[in-house]
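What follows is one structure encoded as C-alpha cells, with my remarks underneath.
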Amino acid sequence: MARRPDLGLHDRLAGMAKFVALFEKRGFSLARMISPPTRETPEAIIFTAPYCELDPDAQRFIEEAYRLRWVLPGFDWSAWSKTAEAHALQNPGETLTLASPQQLEKLVTMLMRQEHWSEGSLLEAFNAGLLIAIVKRMATLINEIR
C-alpha cells in the first residue's frame, strides 16, 4: 500500500478552514433528524427509531477530518470528554478562540467519535455553534503559524 504523504499543520488547518464559508452560509444545516411514523399492522405496531440524515457537505467535513488527521487514533476521547479542558473547549467562547492545534485534535476526535456512537450529536454541536467556532479557530491559526 502506498504511503500517504505527510501533511504539514498549515495544510491540515487550511483543509478544515475551508468549511467556514459553508457553515456560515445562510440556511445551511449540517443534517436533519428524521422521525419515521409509527405503522400498525394486524400483527404488530412497528416503530422505527429516529435517525440523523447528514447533508453531503457534512459527510465531506467528516471525511476531511479523518483524511487530514484531526481524528486521533487510540486517543481515549471518552475519558478526556469528562475533563475540565474538554468542557471549557466545548463552549464556543474565549477558551476555544485560544485553543492549540493539539486541543483541536482532541475536540474534533471527541465530536467524531460521539457522532459514531450517538447519531445526531454532530448536528447538536453544529446548532450550538461549536463546529463553526472550531473551523474559525483553525482559520485563525493559519495566520498565527506564518
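Values quoted throughout were computed directly from the atomic coordinates according to the rules given, and no laboratory measurement underlies them. Just so it is clear, the model here is predicted, and its values are computed rather than measured. Please note: Cβ atoms are built from the backbone with ideal geometry, for glycine as well, and neighbour counts cover all protein chains shown.
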Under Karplus coefficients 6.51, -1.76 and 1.60, residue-wise ³J(HN,Hα) of the range 77-83 in Hz, glycine/proline x: 5, 5, 5, 4, 4, 8, 7
Built amide H within the under 5 Å cut-off of Lys18, gap 5+: none
Distance between modelled label sites at Asp55 and Arg32, nm, 7 Å Cα→Cβ extension: 1.2 nm
Pairwise centroid distance, computed over Cα atoms, of the range 79-120 with the range 58-78, Å: 12 Å
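Can you give the net charge of the other residues whose Cβ lies under 15 Å from the Cβ of Gly74, counting K and R as +1 and D and E as -1? Don't skip to the end; give the middle numbers.
Details: positive: Arg69, Lys106, Arg113; negative: Asp76, Glu105.
Net of charged neighbours comes to +1.
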Farthest positive-ward along the chain dipole, Cα basis, beta-carbon charges - from Tyr51, Trp117, Met16: Met16
Angle in degrees between helix 101-117 and the longest Cα principal axis of the chain, rounded to the nearest 10: 10 degrees
Sites Phe75 and Glu40, calculated FRET efficiency, Cβ-Cβ separation with R0 35 Å, nearest 0.05: 0.15
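About its Cα centre, how strong a charge dipole does the range 9-145 have in debye, to the nearest 20, once Lys and Arg get +1 and Asp and Glu get -1 at the Cβ? Each step should come with its number before you reach the end.
Working: 14 positive and 17 negative charges, 66 e Å.
For the range 9-145, the charge dipole is close to 320 debye.
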Computed [θ] at 222 nm, deg cm²/dmol, the chain (DSSP H ≥ 4; -39,500 (n - 2.57); rounded to nearest 500): -15500 deg cm²/dmol
For the range 13-29, Karplus couplings with θ = phi - 60° (6.51, -1.76, 1.60), whole Hz, Gly/Pro x: 5, 4, x, 8, 5, 5, 7, 4, 4, 5, 5, 8, 4, 4, x, 6, 10
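When the Cα atoms of the chain are enclosed in a convex hull and the volume is divided per residue, what value in Å³ results? Before the final figure, lay out each step's value.
Numbers: hull volume 22.9 nm³, N = 146.
Residue-normalised Cα hull volume stands at 157 Å³.
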Low-density loop cleavage sites - trypsin sites (Lys or Arg not before Pro) in the range 1-87, where at most 12 other Cβ are within 10 Å (DSSP): Arg3, Lys25, Arg26, Lys82
Table column - 3J(HN,Hα) (Hz), the range 34-41, Karplus curve with 6.51, -1.76, 1.60, x for Gly and Pro: 10, 10, x, x, 6, 10, 10, 10
